[in-house]
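> First the structure, which I've put down as structure tokens, then a few questions once you've had a look.
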Amino acid sequence: MPRFLKILVRNLLKGPATDPFPFQEAFTPDRLRGRVVLNPDLCLGCGICRHVCPGEAIRLEPDEGRTGYSFSIWHNTCALCGSCRHFCPTGAITLNADWHGAHPQTDKYRHAEHHFVPYLRCAGCGAPLRPLPPGIAARLYAHSPLDMTQVVKLCPDCRLTATAKREGERYGTTANPG
Amino acid sequence: MGLFSSITVRSPWLYRINAGSCNGCDVELATTAFIPRFDVERLGCKYCGSPRHADIVFITGPLTLRVRDKVLRVWQEIPEPKITMAIGICPISGGVFRGGHSIEGPLDRYIPVDVNVPGCPPRPQAIMEGVLLAKQLWLARLEEGEAGKNKAAHAAIS
């Protein structure tokens, strides 16, 4: 058989090489870095994502009344490097495969994601307190005999006081001399 | 002429300007255009080599101080109506170069941008999506122009 016939048959069987994209959905790999998303239930507010972000796409700041902190990601300056995902201690930041980003200029500053993570109130003094997700708390207090469900409700100052009281009781001195 | 232009499909010609890009987005643009897999010529688009023939212009890169005046000069040579597309995060916001000493961007400080395609670099499919959006805007603007011209003609007659 002449060689060109072989090629012809092969090409007929293979079909067109062109991706049918604008008329059909494009093939998207599962692990494509398309867009950064935050799960606010897991966010600690530590700010490591803002620190490592090369494009300064992440903004994280407490609101005026200190009732919580706002977390925004502006996709138009995000290089999709995945550093935030890599460094996030709780896995709150992930990248999904949604690559449909083209938008008209009027939506330039709306192409962003905003979240508001409210502060908890300290059970002792009522000071605002960054929430600690239960999974992280369990990991932190894994080797401690303490009841961590009570400890995580306290602010650092109240936690110090509670520790001092507890240690004082353990060594038989009066817990609260004042 | 009016009937002819209303039944024909308009085909925008594309042009690229590199405003200090790292070449990543330019490679994606070349990929979108030149390999059969993401053939933009199916959509009636065609690359051209001269700004005077262009309808849609892609600008990549954060607009550095060195190329600013050249980019503006080339952009002004493109006839109206034109659609300007910012490809990649650099022309949109400055991206990772934002705040650098030689960065004059973002691009919309100097040039009215119409379509943004973020990504570093954007996927070829994302660029094609942007091209489709730009084509819609371009057709709308052409119609506006025609309507405006007709109105002017009517006003001149009556």
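The values are calculated or read from the model by the stated rules, or taken from the named source; none is laboratory data. Please read these numbers as outputs of a predicted model, since none were measured by experiment. Neighbour counts are summed over all protein chains in view; Cβ atoms, including those assigned to glycine, are modelled from backbone coordinates with ideal geometry. Note: areas computed on protein heavy atoms with side chains; ligands, DNA, RNA excluded. Shrake-Rupley method; radii C 1.70, N 1.55, O 1.52, S 1.80 Å.
> Just checking, how many residues over the stretch A:18-38 are within 19 Å of A:D63 (Cα to Cα) and part of a loop (DSSP other than H, G, I, E, B)?
Residues in the stretch A:18-38 being within 19 Å of A:D63 (Cα to Cα) and part of a loop (DSSP other than H, G, I, E, B): 0 in total.
> How many residues does the stretch A:71-103 hold that are part of a strand (DSSP E or B) and open to solvent by 40 Å² or more (accessible area, probe 1.4 Å)?
3
> Within the stretch B:110-143, take every residue that is out of contact with any Gly (no Cβ under 6 Å at 6 or more places or on another chain) and free of Cβ contacts under 8 Å to residues at least 12 places away in the same chain and give me the one that is nearest to B:R66 (Cα to Cα).
By that ranking, first place goes to B:Q136.
> Next question. Which ones in the stretch A:1-48 are away from chain B (no Cβ under 14 Å), surrounded by 12 or more Cβ atoms within 10 Å (Cβ to Cβ) and either closer than 28 Å to B:I127 by Cα or of a type in the set (A, V, I, L, M) (or both)?
Correct list: A:V37, A:L38, A:L42, A:L44, A:I48.
> Restricting the first residue to the stretch B:31-48 and requiring it to be facing another protein chain (nearest Cβ under 9 Å), which pairs with a second residue that is in a helix (DSSP H, G or I) meet a Cβ separation below 6 Å and a spacing of at least six or different chains?
From residues that are facing another protein chain (nearest Cβ under 9 Å), the pairs are B:F38/B:T32; B:F38/B:P124.
> Let me ask you something else. Checking the structure you have, find out if any residue of the stretch B:5-26 is at pLDDT 80 or above, closer than 26 Å to A:Q24 by Cα and among the β-branched types (V, I, T).
No, because not a single residue in the stretch B:5-26 is at pLDDT 80 or above, closer than 26 Å to A:Q24 by Cα and among the β-branched types (V, I, T).
> Look through the stretch B:95-130, keep the residues that are acidic (D, E) and assigned to a loop (DSSP other than H, G, I, E, B), and return whichever of them is farthest from B:G24 (Cα to Cα).
Only one residue tops the list, namely B:D114.
> Does the stretch A:58-108 hold any residues that are within 14 Å of chain B (Cβ to nearest Cβ), of a type in the set (K, R) and under 19 Å from the mean Cα position of the chain (by Cα), and which are they?
A:R59 - this is the single residue of the stretch A:58-108 that is within 14 Å of chain B (Cβ to nearest Cβ), of a type in the set (K, R) and under 19 Å from the mean Cα position of the chain (by Cα).
> I would also like to ask the following. Any idea which residue in the stretch B:95-105 is surrounded by the fewest Cβ atoms within 10 Å (Cβ to Cβ), counting only those that are within 9 Å of another protein chain (Cβ to nearest Cβ) and at pLDDT below 90?
It comes out as B:G99.
> Restricting to the stretch B:69-94, name every residue that is open to solvent by less than 70 Å² (accessible area, probe 1.4 Å) and assigned to a helix (DSSP H, G or I).
Once the filter is applied, which keeps residues that are open to solvent by less than 70 Å² (accessible area, probe 1.4 Å) and assigned to a helix (DSSP H, G or I), the stretch B:69-94 yields B:V71, B:L72, B:V74, B:W75, B:I89, B:C90, B:P91, B:I92, B:S93.
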